[in-house]
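J.: Input: one structure, supplied below.
Coordinate-derived values only; no laboratory data. Note that the structure is predicted; figures quoted are calculated from it, not measured. Methodologically, a virtual Cβ is constructed for each residue, glycine included, from the backbone with ideal geometry; neighbour enumeration extends over all protein chains shown.
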Amino acid sequence: MIREAIKTDIKDIVKLGVSFFEEAKIDLTPSFSQEKASTVISSMVKNDKCILYVAENNEGDTVGMIGGVVSEHWFSDEVVAQELFWYVLPDYRAGVGSQLLAAMEGRAKELGVSLVAMVDLGEKSPVDILLRRRGYSIYEKTYVRRF
């Protein structure tokens, strides 16, 4: 089941964030602070400038999450949504990721968003394939440098 996140989901969302961090370990990935993640997610719950959904399995356990922010584009009057995180536990990925994305897109439309920006950590990954199937295009690449 996909539903909008509430305050009692914060601990589960942070736990999923830890799982994502451990799974996606890349040399350039910032360190993960559970306290910081909890603070940010807490500010996103019931915030009309944020989109935050969770996925639950049949037992009611949180197995996936998606979150983003909504704002005007910096050089346009268009309203855009930017994904901040999107993760599903490996055993639940078949379909749950696309359901979370559909929920985020639906909420984005309700908020007047005209463009959704999603992030993928690798070309030809399952996320890349899913996003392309849903009509997403590569817009720009992100380069990072750690000091």
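J.: So in the range 130-147, with the set limited to residues that are among the aliphatic types (A, V, I, L, M) and surrounded by fewer than 12 Cβ atoms within 10 Å (Cβ to Cβ), which one is farthest from Gly95 (Cα to Cα)?
T.: Initial filter on the range 130-147 (among the aliphatic types (A, V, I, L, M)): 130-131, 138, 144.
Now narrow it down to the ones that are surrounded by fewer than 12 Cβ atoms within 10 Å (Cβ to Cβ): 138, 144.
Numbers: Ile138: 22, Val144: 31 Å.
The qualifying residue farthest from Gly95 (Cα to Cα) is Val144.
J.: For the range 57-91, what are the residues that are over 16 Å from the mean Cα position of the chain (by Cα) and farther than 18 Å from Lys11 by Cβ?
T.: Listed by number, the residues that qualify are Asn58, Glu72, His73, Trp74, Phe75, Ser76, Asp77, Glu78, Val79, Asp91.
J.: Sticking with this structure for a sec: Can you list the helices (runs of 4 or more DSSP H) found entirely within the range 1-110 that contain at least 3 residues being more than 19 Å from Gly122 (Cβ to Cβ), aliphatic (A, V, I, L, M) and in contact with a helix residue (DSSP H, G or I) (Cβ under 7 Å, 6 or more places away or on another chain)? Spell out how you get there, then give the answer.
T.: Working: elements: 10-23, 34-44, 93-110.
Qualifying helices (runs of 4 or more DSSP H): 10-23.
J.: In contact with a Phe, Trp or Tyr (Cβ under 8 Å, 6 or more places away or on another chain), free of Cβ contacts under 8 Å to residues at least 40 places away in the same chain and crowded, with 17+ Cβ neighbours inside 10 Å, is that true of Phe21?
T.: Numbers: in contact with a Phe, Trp or Tyr (Cβ under 8 Å, 6 or more places away or on another chain): yes; free of Cβ contacts under 8 Å to residues at least 40 places away in the same chain: yes; crowded, with 17+ Cβ neighbours inside 10 Å: yes.
The answer is yes for Phe21.
J.: Of everything in the range 71-102 that's surrounded by fewer than 17 Cβ atoms within 10 Å (Cβ to Cβ) and either among the acidic types (Asp, Glu) or touching an Asp or Glu at 6+ places or on another chain (Cβ under 7 Å) (or both), which residue is farthest from Glu22 (Cα to Cα)?
T.: Only one residue tops the list, namely Asp77.
J.: Follow-up. Condition first: surrounded by 18 or more Cβ atoms within 10 Å (Cβ to Cβ), in contact (Cβ under 8 Å) with a residue 12 or more places away in the chain and within 13 Å of the chain's Cα centre (by Cα). Now tell me which residues in the range 108-126 satisfy that.
T.: Matches in the range 108-126: Ala108, Val116, Met118.
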